[in-house]
Amino acid sequence: MSAPILQVSQLTKRFGSLVALNNVSLEIREGEIFSIIGPNGAGKTTLFFNIVGLQKPDAGRVLFRGADITGKPPHKICDLGITCTFQVPRAFANMTVEEAVRVGAYQRYRGREVQRKVDEVLQICELEEYRHQRCCDMGLAPLRRVELARALATEPVLLLLDEAGAGLNPSELAGFMEILRRLNEEKRITLCIVEHVMQMVMGLAQRIVVLDYGEVIAEGTPQEISTNPRVIEAYLGKGAVC
Ligand SMILES: Nc1ncnc2c1ncn2[C@@H]1O[C@H](COP(=O)(O)OP(=O)(O)O)[C@@H](O)[C@H]1O
Ligand SMILES: [Mg+2]
């Protein structure tokens, strides 16, 4: 079993009286594809935001390769190699695809290295033909790949994907999953996917954690999770196709 890349320990986040994360602990290992699932409002996005420094937790710790990164600013966490994609593709509407990806690359590179990185991730994400197209003119599937490319351009070792497969049709989804598989196998990027699309979760993840009302209610392999009565009750529903 590989060493942990990220350890979340007893993390709590409140918004006023609402407890969005309640004592959440989980561990992601180097090189794996990990998934977090759960109903809307379970706290998945909040967990990502508290890992990457966009929000500060009220209690608990986040360790990256053993070092405490709790509450560090987002650019510092990005420099360490943790990046997340955003659920709603961000406001790059008036930028071209290349410009949007360049924003990511500037996080880590300068000078000629920026364009080298942009070209590399455009190729990986199969976006070369869209290079000069404005983001607002693009369909959902290539736009999801732009968001992935922007994140990849920051050179993450741990990539957190927030509902990146939402709204894709089966063939678009298969293509997107293939890109993620390659990133994991060839680039050795550890992936954590938050997803409602069960085909993607069950097809990619080695281990899954289930959140419900801000609490971890189950953890296991896809097989264990898809047959866990508590998960079926809270989320998958009876007769869910996994
Ligand atoms: N910035 C915020 N202010 C107040 N409440 C929030 C905020 N962000 C999220 N919440 C609430 O926290 C809970 C968890 O939200 P979220 O993390 O977005 O869930 P998920 O991503 O699992 O759908 C929800 O009840 C949501 O309404
Ligand atoms: Mg969310």
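So the values come out like this:
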quantity	calculated
Count of the range 24-62 residues which are of a type outside the set (K, R) and within 27 Å of E186 (Cβ to Cβ)	14
Whichever residue in the range 111-132 is assigned to a loop (DSSP other than H, G, I, E, B) and modelled with pLDDT of 95 or more and, among such residues, is farthest from the chain's Cα centre (by Cα)	H132
Residue match in the range 172-194 (condition: closer than 24 Å to T46 by Cβ, among the basic types (K, R) and assigned by TED's automatic domain parsing to the domain that holds L47)	no
Test set (1) assigned to a helix (DSSP H, G or I); (2) touching a residue at least 40 places away in the same chain (Cβ under 8 Å); (3) farther than 18 Å from E98 by Cβ; (4) not aliphatic (A, V, I, L, M) - R144 fails condition number	(3)
Checking E224 against (1) acidic (D, E); (2) more than 25 Å from L18 (Cα to Cα); (3) modelled with pLDDT under 95, the condition it does not meet	(3)
Answer from L47, L54 - the residue that is surrounded by fewer than 16 Cβ atoms within 10 Å (Cβ to Cβ), within 16 Å of ligand 2 (Cβ to nearest atom) and in the same structural domain as I225 (by TED's automatic domain parsing)	L54
Candidates L191, L204, filtered to the one that is away from ligand 1 (no atom under 16 Å from the Cβ), touching a residue at least 40 places away in the same chain (Cβ under 8 Å) and closer than 30 Å to L18 by Cα	L191
Residue identified as among the hydroxyl-bearing types (S, T, Y), under 23 Å from R102 (Cα atoms) and either surrounded by fewer than 18 Cβ atoms within 10 Å (Cβ to Cβ) or away from ligand 2 (no atom under 16 Å from the Cβ) (or both) among T221, T154, T227	T154
Among (1) at pLDDT 95 or above; (2) buried (at least 17 other Cβ atoms within 10 Å of the Cβ); (3) away from ligand 1 (no atom under 12 Å from the Cβ), the one test that L63 misses	(2)
Tally, over the range 20-51, of residues that are away from ligand 1 (no atom under 13 Å from the Cβ) and over 21 Å from I225 (Cβ atoms)	1
Residue identified as polar (S, T, N, Q) and closer than 30 Å to A20 by Cα among Q115, Q87	Q87
Search result, residues across the range 158-193 that are of a type in the set (V, I, T) and either surrounded by fewer than 18 Cβ atoms within 10 Å (Cβ to Cβ) or not in a loop (DSSP other than H, G, I, E, B) (or both)	I179, T190, I193
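The values are calculated or read from the model by the stated rules, or taken from the named source; none is laboratory data. Nothing here was measured: the structure is a model prediction, and the numbers come from that model. In this analysis, Cβ positions are derived from the backbone assuming ideal geometry, glycine residues included, and neighbour counts consider all displayed protein chains.
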